[in-house]
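Chemist: One structure, as structure tokens, below. Some questions next.
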Amino acid sequence: MDVRLNIFENPVSGKFLKRVTSAYKAIYDSPLPASTLELVSLRTSQINGCGFCVDMHTKEAAHAGESSVRISLVAAWREANVFTEAERAALELAEQGTRIADGTGGVSDEVWANAAKHYDEDQLAALVSLIAFMNTVNRMNIITRQPAGDYQVGQFGDFG
């Protein structure tokens, strides 16, 4: 598979990515637990089929101390007993927020209320922003066929 466009070196997409990534720093610096951030990033990328981001967030999660069992089970989190109720609420929010076209009305009130039981307003804002961010970069990578497998931990700085 050939890359269609080097989104990191192209002046237009490079400028866009620089701005989007700087906005991501607000999410990274938020009170959202780091493990939740990586799990949600990974699950969103799995749903969208973004190999580049699955590679990245699998490696970043492992580097941050996440167990291989939890990383492997993110795709089947409903059937796995290794996630907290808060993490499960975040993963459900990520799924409904990513699969907007598959459902009616987007994120259900029930899923939102469940997430709100576990996360305060700032954490919810970070979750919503993270889900939107991941969907943006997933789509850029998929459209331009960015390859997976070569990502190095910390490749994009301390909030990659």
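The values are calculated or read from the model by the stated rules, or taken from the named source; none is laboratory data. Small disclaimer: the values here were computed from a predicted structure and weren't measured. Cβ coordinates were reconstructed from backbone atoms using ideal geometry, including for glycine residues, and neighbour counts include every protein chain displayed. Side chains are part of the model used for accessible areas, which takes the heavy atoms of the whole protein and leaves out ligands, DNA and RNA. Shrake-Rupley method; radii C 1.70, N 1.55, O 1.52, S 1.80 Å.
Chemist: For the chain, what does the relative contact order come out to in percent, with C-alpha contacts under 8 Å and a separation of six or more?
Modeler: 38 percent
Chemist: If we count every other residue with Cβ under 12 angstrom of GLU38's Cβ, Lys/Arg +1 and Asp/Glu -1, where does the sum land?
Modeler: Computed value for this residue: 0.
Chemist: Follow-up question, since we're still on this one. Ignoring everything except DSSP H segments at least 4 long, calculate the 222 nm mean residue ellipticity for the chain; use -39,500 (n - 2.57) per segment, divide by total residues, nearest 500.
Modeler: -20000 deg cm²/dmol
Chemist: Using a Gaussian network model of the chain whose springs link C-alpha atoms within less than 10 Å, name the residue from GLU60, GLU95, GLU79 with the highest mean-square fluctuation.
Modeler: GLU79
Chemist: Next question, about the same structure. For the pair SER68 and ALA148, what calculated FRET efficiency results from E = 1/(1 + (r/R0)^6), where r is the Cβ-Cβ distance and R0 = 22 Å, to the nearest 0.05?
Modeler: The value I calculate is 0.80.
Chemist: Also: Taking 0.36 nm per residue of separation and subtracting the Cα-Cα distance, what length does fully extending ASP29 through GLU85 add?
Modeler: 17.9 nm
Chemist: Turning to a different aspect of this structure: Take the chain, connect every pair of alpha-carbon atoms lying under 10 Å apart with a spring to form a Gaussian network, then pick out the residue of ALA126, ALA116, ALA101 with the largest mean-square fluctuation.
Modeler: The residue with the greatest mean-square fluctuation here is ALA101.
Chemist: Each label point is 7 Å from the Cα along the Cα-to-Cβ direction; what then is the distance between the points at VAL20 and ASP2, in nm?
Modeler: Using points 7 Å along Cα→Cβ, the separation is 2.3 nm.
Chemist: Running a GNM on the chain with Cα contacts under 10 Å, which residue among GLY97, GLY14, GLY49 ends up with the highest mean-square fluctuation?
Modeler: Of GLY97, GLY14, GLY49, the Gaussian network model singles out GLY14 as fluctuating most.
Chemist: How big is the accessible area of ILE143 in square angstrom, nearest 10, if you roll a 1.4 angstrom probe over the protein chains?
Modeler: For ILE143, the solvent-accessible surface is approximately 110 Å².
Chemist: Count neighbours as other Cβ atoms within 10 Å of each site's Cβ, and list the trypsin sites (Lys or Arg not before Pro) in segment 87-156 that are DSSP loop with at most 14 such neighbours.
Modeler: Passing both the DSSP loop test and the Cβ count: ARG99, ARG145.
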